[in-house]
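Please treat every number below as a calculation from the coordinates, not as lab data. Keep in mind it's a predicted model, so treat the numbers as computed, not measured. All Cβ positions, glycine included, derive from the backbone under ideal geometry; neighbour counts span all protein chains shown.
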Amino acid sequence: MAKQPDINRLKKIAKEVRIEIVKMLNCAGSGHTGGSLSMVELLVGLYFYKFKCDPSKPLCSTRDIFVLSKGHGCPALYAVLAKMNFFSKEELCTLRKIGTRLQGHPQIGLPGVEISSGSLGQGLSIANGFALGARLNKDPKRVYCLMGDGELDEGQVWEAALTSAHYKLDNVCGIIDYNKFQIDGRVEDIKGLEPLKAKWQSFGWEVFEIDGHNVKEVAEAYDKAEKIKGKPSMVLAHTVKGKGVSFFENKNKYHGVAPNKEELEKAIKELETEK
Amino acid sequence: MEIKMKPTRDGFGEGLVELGQTRDDIVVLSADLTESTRAAWFKDKFPERFFAMGVSEQDMMGTAAGLALSGKVVFACTFGAFAAGRAWDQVRVSLAYMKTNVKVVGTHGGISVGEDGPTHQANEELALMRILPNMTVIIPCDAIEAKRAAIASASYPGPVYLRLGRSGVPVITKEEDIFEIGKANLLKDGKDVAVIACGVEVYEALCAHEALKKENISARVINLHTVKPIDKDLIIKAARETGAVVTAEEHTIVGGMGSAVSEVLSQSCPVPMEFIGVKDRFGESGDPKELFKLFGLTADDIVKAAKKAIARKNARD
């Protein structure tokens, strides 16, 4: 029988990761709260269910590849990688401080971080490169690439979308954290993306539209994506910016603002009592 | 003696084919200029290691980075104007910042592109590329050097920018000459002035050397094929021993090779300097030879600049 996701375990991990994120951001005094909290289940469903890797050998040649294209969401990735034991949890509080491996946007060199990112729109092209490299190396690895919705304004994303489809890169699985906000405001007000599913389908992608906070749907989407042959897959995940903390949710002010001490205490209380 | 003319892009194409034969980790990408960049010569022999990227330079740089991170040595080929201009941020973040093993090949550098005009004449890429940390910038002077630069850069770690030309240029180096990335070559010794040149201007500098000799002026000629990392020692030695320097490049004088030389000398051995290059303007359509005259890039222009630098030196004494 195929592997089944342990839903309760994944939900518990997601909650713990959220707590680490708000703590880390408060400690740093700056950073991207909203977009880190919206992508938590997308990472947890991947790393704690689907992803092939060995945290003690981060560059192991048979590993799957995760490319964080929306680099500003790195607090979520750092929290997940620490939880996976790629590095120690204590290092999380060095975020954004001088000499840290946890740069304000991800930098190659930190175990588990595959690319340096931060300038939006570059990840999917790199993921395609990894996928072509895997094909040349006859390596069955899968390549995941997480993008933001505002990021889809970048033309390079659509250049890369053509490339994935043209080369039938079925080892590529894109993920969109569709939290409906970008820095300047609501995505639909700034530069509308709809109909987004149809756009990706017309570019030759298989699209799985899901609730990005439902770990069961997330895990199953990755399973389904792996079975698609001859074309790339996209997990279009509807999410809530700032998810998990009532006063961050859909408050775009927290796009690039970290919680202060008072907000942190309230946030942790909410997250801990959340069912 | 008749001089053989050959474009540097042809030498590069030959180098790629040789690399394909000797190494199986070489992968080539092209942004729809496969024949023009000579990437086609590799594609014909090793189609499984060639990927067409279409007119998408930004995507090409990212794809190249991913392939490089998978253990490949990637040559990403397009015109210099688009490699360095259109895709600069991708080169900055996905290549230079990450130190990925990607060799960016920009053909059609300089005004020698000719008739296609300003949008296609890259006069800015040496500047755009050399300001990036971790980037190596090479501009071969002829087809033989271009072939050797291609082969050498495949074994040189990290990102490299290779600047090549469209038109035939005199073949002035020999297969047995030493070529080492980061080490400039002294072509002619001289004591009155040093002409530091790169690319096709190396030939013009050699012609200027002969013309100056007739006037009893002894001009040293240096081929600075690697703009970054720059060969400080040879440059400082030349300035110290001649007391006057002329730089010559087929590129804007703002931020290019001459600026790089000036950065070295102003700190270590300031001497009067003159700059031969494109004078802060865009190119234009025309016959390359006529454009060289119009833009002041000929041996005659170097001769005049050399005399001016020497006069400034003598005025200081």
Expected 222 nm ellipticity per residue - DSSP helices of 4 or more, -39500 (n - 2.57), all of chain A, to 500: -11500 deg cm²/dmol
Could you let me know the centre-to-centre spacing of the stretch A:120-156 and the stretch A:16-61, using Cα atoms, in angstrom? 19
Pop the C-beta distance of B:K45 and B:R312 into the FRET formula with R0 = 45 Å and round what comes out to the nearest 0.05. 0.25
Folded to 0 to 90 degrees: helix A:7-28 orientation relative to chain A principal axis, Cα: 60
For B:284-290, B:311-317, B:195-201, B:153-159, ranked highest to lowest by mean beta-carbon neighbours within 10 Å, the order is B:195-201, B:153-159, B:284-290, B:311-317
Calculate log10 I(q)/I(0) of the stretch B:5-74 for q = 0.16, 0.19 Å⁻¹, where I(q) comes from the Debye formula with a single equal point scatterer on each Cα and nothing for solvent. -0.52, -0.73
What value, in deg cm²/dmol to 500, does the helix sum -39500 (n - 2.57) over DSSP H runs of n ≥ 4 give at 222 nm once divided by the residues of chain B? -11000 deg cm²/dmol
I need two numbers for the stretch A:135-196: Rg to one decimal and Dmax as a whole number, Cα atoms only, in Å. 14.1, 45
Positive-pole candidate from A:N252, A:Y178, A:S164, dipole of the stretch A:148-275, charges at beta carbon: A:S164
Of all DSSP beta bridges with both partners in the stretch A:153-275, the antiparallel percent, nearest 5, is 15
A correct fewest-to-most ranking of B:T107, A:T94 by other Cβ atoms within 10 Å would be A:T94, B:T107
Restricted to the protein assembly as shown, the DSSP antiparallel beta bridge percent, nearest 5, is 15
Please give the helix B:299-316 orientation as an angle from the longest Cα principal axis of chain B, in degrees from 0 to 90, rounded to the nearest 10. 50
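Which of A:S164, B:S262 has the fewest other C-beta atoms within 10 Å, and how do the rest follow up to the most?
With the fewest neighbours first, A:S164, B:S262 line up as B:S262, A:S164.
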How far apart, in nanometres, would the label points at A:D139 and B:Q21 be if each is projected 7 angstrom from Cα along the Cα-to-Cβ direction? 2.9
Cut-off 20 Å, label point 7 angstrom out along Cα-to-Cβ of A:K251: give me the residues of the stretch A:162-184 whose amide nitrogen falls inside. A:179-184
Zero-based 5 Å bins, Cα pair distances in the stretch B:5-170, whole percents: 2, 10, 21, 25, 23, 13, 4, 1, 0
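Enter the per residue convex hull volume of the stretch B:264-317, computed from alpha-carbon coordinates, in Å³ rounded to the nearest integer.
Here the figure is 95 Å³ per residue.
If I take every Cα pair under 8 Å that is 6 or more residues apart in chain B, average their sequence separation and divide by the length, what percent do I get for the relative contact order?
Working: 763 pairs, mean separation 55.2, N = 317.
Contact order relative to length: 17 percent.
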Report, in cubic angstrom per residue, the convex hull volume of the C-alpha atoms of the stretch A:99-177. 94
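Using C-alpha positions alone, give me the convex hull volume of the protein assembly as shown per residue in cubic angstrom.
Enclosed volume per residue, from the Cα hull, is 164 Å³.
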Greater than 28 Å separation of Cα atoms is the criterion. Which listed pairs, A:K15/A:K224; A:K199/B:K72; A:K11/A:K199, meet it? A:K199/B:K72; A:K11/A:K199
Honestly the stretch A:1-145 on the Cα gyration tensor test (a ≥ b ≥ c root eigenvalues; a/c under 1.5 rounded, otherwise a/b vs b/c for prolate or oblate) is just oblate
What dipole magnitude, in Debye to the nearest 20, does chain A give about its Cα centre under +1 on Lys/Arg Cβ and -1 on Asp/Glu Cβ? 640
For chain B, what mean projected area does the convex hull of the alpha carbons give, in nm²? 15.2
10 Å Cβ neighbours from other chains, averaged over peptide A:132-141: 4
Exceeding 28 Å between C-alpha atoms, which entries from my cross-link table qualify? They are A:K229/B:K99; A:K57/A:K197; A:K89/A:K243. A:K229/B:K99; A:K57/A:K197
How many partner chain Cβ atoms sit within 10 Å of a residue's Cβ in peptide A:150-157, on average, as a whole number? 2
Name the most mobile residue of A:G148, A:G174, A:G129, meaning the one with the largest mean-square fluctuation, in a Gaussian network model of chain A with Cα contacts below 10 Å. A:G129
In the stretch B:95-174, which trypsin sites (Lys or Arg not before Pro) fall in coil by DSSP and have 11 or fewer other Cβ atoms within 10 Å? B:K174
Between A:H166 and A:Q4, the FRET efficiency computed from the C-beta separation at R0 = 30 Å comes out, to the nearest 0.05, as 0.30
Going by how many other Cβ atoms sit within 10 Å of their own, how do B:S56, B:S167, A:S117, B:S36 line up, fewest first? B:S36, B:S167, B:S56, A:S117
Across bins of 10 angstrom width beginning at 0, how are the C-alpha pair distances of chain A distributed, in whole percent? 7, 32, 39, 19, 3, 0
Distances longer than 20 Å among the Cα atoms of the stretch B:185-316: what percent of all pairs is that? 37
Just checking the output field for B:91-100: average partner chain Cβ neighbours within 10 Å of each residue's Cβ? 4
Restricting to bridges with both residues inside the stretch B:5-170, how much of the DSSP beta-bridge set is antiparallel, in percent to the nearest 5? 10
Using only Cα atoms, find the angle between the long axis of helix B:201-214 and the longest principal axis of chain B, and express it within 0 to 90 degrees, rounded to the nearest 10. 20
